[in-house]
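Enquirer: Have a look at this one before I ask anything.
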Amino acid sequence: MREQSKSCDYEQSSVIPFRVRNGSIELLLITSWGKGAWGFPKGLIEPGMSPAESALKEAREEAGALGRVVSGPVASYRYRKWGGVCQVEVFLMQVTGMLGRWDEADVRRRVWVPLADADQYIMRRRLRRVLEAAWPELSRVAGIDAESG
């Protein structure tokens, strides 16, 4: 864990993995441990890694996704866990490849969904807000009109 700030107990980073298919943005969602809720790869920022590097590592381990971060942080949020407060920085990740077998394949599912259908999967309000905040930058880096998704 990186040095803790006064405002949070744990610093984490996350990516919103995406690809463009047939002129539309698709998101890669994964299930959480235990509850099976759909979301994005996320984890503690590893010592010696930047938040973006650590988020890419989580995407590989949790989703078997390979790619590159294509933006600075597009959103951030807080939540309670481990008896403290976690602060999460969220980046956009353009997926360039998928592993057939990955570290957490036995405990997580993954699915590609059109951006327009993401709200049918993502039930957590804070993740919906993160996606809404990321939408303009996601559309820009994907080269897609934000209104067409």
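Enquirer: Going by the conditions given, is ARG129 of a type in the set (Lys, Arg), more than 23 Å from SER7 (Cα to Cα) and part of a helix (DSSP H, G or I)?
Expert: In short, no.
Enquirer: Name the residues in the range 20-38 that are buried (at least 21 other Cβ atoms within 10 Å of the Cβ) and closer than 21 Å to GLY72 by Cα, would you?
Expert: ILE25, GLU26, LEU27, LEU28, LEU29, listed by residue number.
Enquirer: Based on this model, can you work out whether GLY84 counts as exposed (fewer than 13 other Cβ atoms within 10 Å of the Cβ), in contact (Cβ under 8 Å) with a residue 40 or more places away in the chain and either among the charged types (D, E, K, R) or closer than 20 Å to SER7 by Cβ (or both)?
Expert: Judged against the criteria, GLY84 is a match.
Enquirer: Further question: Only one of (1) touching a Gly at 6+ places or on another chain (Cβ under 8 Å); (2) over 17 Å from TRP38 (Cα atoms); (3) loosely packed, with under 14 Cβ neighbours inside 10 Å is not met by GLN94, so which one is it?
Expert: (3)
Enquirer: Still on this structure, I have one more. Of all residues in the range 5-19, count the ones that are charged (D, E, K, R) and closer than 20 Å to VAL74 by Cα.
Expert: Of the residues in the range 5-19, 2 are charged (D, E, K, R) and closer than 20 Å to VAL74 by Cα.
Enquirer: Can GLY48 be described as modelled with pLDDT of 95 or more, of a type outside the set (D, E, K, R) and not in a loop (DSSP other than H, G, I, E, B)?
Expert: So GLY48 does not fit the description; no.
Rundown of residues vs (1) closer than 24 Å to CYS8 by Cα; (2) under 15 Å from the mean Cα position of the chain (by Cα), yes/no style:
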position	(1), (2)
GLY34	no, no
PRO47	yes, no
ARG60	no, yes
LEU66	no, yes
SER76	yes, yes
ASP106	no, no
MET123	no, yes
VAL130	yes, yes
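Enquirer: Got at least one residue in the range 52-70 being polar (S, T, N, Q) and surrounded by fewer than 18 Cβ atoms within 10 Å (Cβ to Cβ)? First the steps, then the outcome.
Expert: Narrowing the range 52-70 to residues polar (S, T, N, Q): 54.
Still in the running and surrounded by fewer than 18 Cβ atoms within 10 Å (Cβ to Cβ): none.
No, the range 52-70 contains no residue that is polar (S, T, N, Q) and surrounded by fewer than 18 Cβ atoms within 10 Å (Cβ to Cβ).
Enquirer: Determine the pairs where a residue that is in contact (Cβ under 8 Å) with a residue 12 or more places away in the chain, located within the range 62-75, has a partner that is surrounded by fewer than 21 Cβ atoms within 10 Å (Cβ to Cβ) and of a type in the set (Phe, Trp, Tyr) with Cβ atoms under 8 Å apart, the partner being 6 or more residues away or on another chain.
Expert: Matching pairs, first to second residue: GLU62/TRP102; ALA63/TRP102; GLY64/TRP102.
Enquirer: For VAL20, indicate whether it is in contact (Cβ under 8 Å) with a residue 40 or more places away in the chain, among the aliphatic types (A, V, I, L, M) and closer than 18 Å to LEU99 by Cβ.
Expert: no
Enquirer: I would also like to ask the following. Quick one: what pairs do we get from the range 24-41, first residue part of a loop (DSSP other than H, G, I, E, B), second surrounded by fewer than 20 Cβ atoms within 10 Å (Cβ to Cβ) and basic (Lys, Arg), C-beta under 7 Å, 6+ apart or different chains?
Expert: ALA37/ARG124
The values are calculated or read from the model by the stated rules, or taken from the named source; none is laboratory data. As the structure is a prediction and not an experimental result, all values here were calculated from the model. Glycine also receives a Cβ, built like all others from the backbone with ideal geometry; neighbour counts cover every protein chain displayed.
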